[in-house]
Amino acid sequence: MLIAPSILAADFANLQRDVAMLNRSQADWLHIDIMDGVFVPNLSFGLPVCAAIARHAQKPLDVHLMIVQPERYLAAFKEAGAAVLTVHVEACPHLHRTVQQIKDLGCRAGVALNPHTPVSALEDLLPDLDLVCLMSVNPGFGGQKFIAHTYEKLRKLRALAADQNPSLLIEIDGGVNQQNAPELARLGANVLVAGNFVFSATDPEATIAQLKTATASQFA
């Protein structure tokens, strides 16, 4: 299981400190949510902050583009340090072309699905993807409650991937905690994004370690 703490929940006034903490921790990736206030009803940060994080991060940057026309910014986010670039199916009218652009840049190509979007929307593209991100909350804000229907979507996606792309990474983003993590692992998730659960903890490093432990038995 890969754990990808979401920088959206970090202390923006102390980003270098929080990135240093993640470097020390058992986190595998740093998840960076880019929001434009159009595709989602919130603004987060953009290229300069992403590049600043990359200068201090010792782990891959998992960049989640919650923006319209993401194809315009793929090369810039690669230059800013992205190792994984995830776009939304709902924002990409020419999704196959966008995925190929990401691959041509040398990044892992991910596609995110909003809670209302069925996994069947990716059936024809699944062999070309490195990662699918299932949004388990409505995108735009941290601290939301996990949507239980995500379990069924995850089950369906893992079954679909078993035939078309067995090595597909399935990422769960939103409301992840120590209680639901074991079940998500059992159903086939292999990347967990955790924001408030990590950064609001008294000991974030220990919390990340607990997430690792909570899911480890599913991979024994």
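None of the figures in this text is laboratory data; all of them are computed from the coordinates on show. Just so it is clear, the structure is predicted and the values come from calculations on it, not from any experiment. FYI the Cβ positions are ideal-geometry reconstructions off the backbone, even for glycines, and counts take in every protein chain you see.
Annotations
- Considering only the stretch 1-109, percent of DSSP beta bridges that pair antiparallel, nearest 5: 5
- Of interest is the spacing of the C-alpha centroids, which for the stretch 2-50 and the stretch 100-139 amounts to 20 Å.
- Working from Cα pairs under 8 Å separated by at least six residues, relative contact order for the stretch 126-220 is 29 percent.
- Value in Å of the Kirkwood radius, where the stretch 1-64 supplies the Cα pairs that are averaged: 12.0
- Think of each Lys and Arg Cβ as +1 and each Asp and Glu Cβ as -1; about the Cα centre, that makes the dipole of the stretch 95-220 roughly 160 debye.
- Extreme residue, positive dipole direction of the chain, given options VAL87, LEU125, SER6 (C-beta unit charges): SER6
- Relative contact order (percent, whole number), the chain, Cα cutoff 8 Å, 6+ residue spacing: 21
- With both labels modelled 7 Å from their Cα along Cα-to-Cβ, the GLU79 to LEU43 distance reads 2.2 nm.
- For the chain, the share of DSSP beta bridges that are antiparallel, to the nearest 5, is 5%.
- Anchor LYS145: lysines whose Cα lies under 29 Å away (excluding residues fewer than 8 positions away in-chain): LYS59, LYS153, LYS156, LYS212
- Taking Cα centre as origin and charging only the Cβ of basic (Lys, Arg, +1) and acidic (Asp, Glu, -1) residues, the dipole magnitude of the chain rounds to 240 debye.
- Förster-model FRET efficiency, 25 Å R0, ASP203 and LYS145, C-beta, rounded to 0.05: 0.60
- With the alpha-carbon atoms of the chain aligned to their principal axes, the span from lowest to highest coordinate is 43, 39, 30 Å, starting with the largest.
- Length released on extending from HIS56 to ASP163, taking residue separation times 0.36 nm less the Cα-Cα span: 34.6 nm
- Value at 222 nm in deg cm²/dmol, rounded to 500, when DSSP H runs of n ≥ 4 in the chain each add -39,500 (n - 2.57): -9500 deg cm²/dmol
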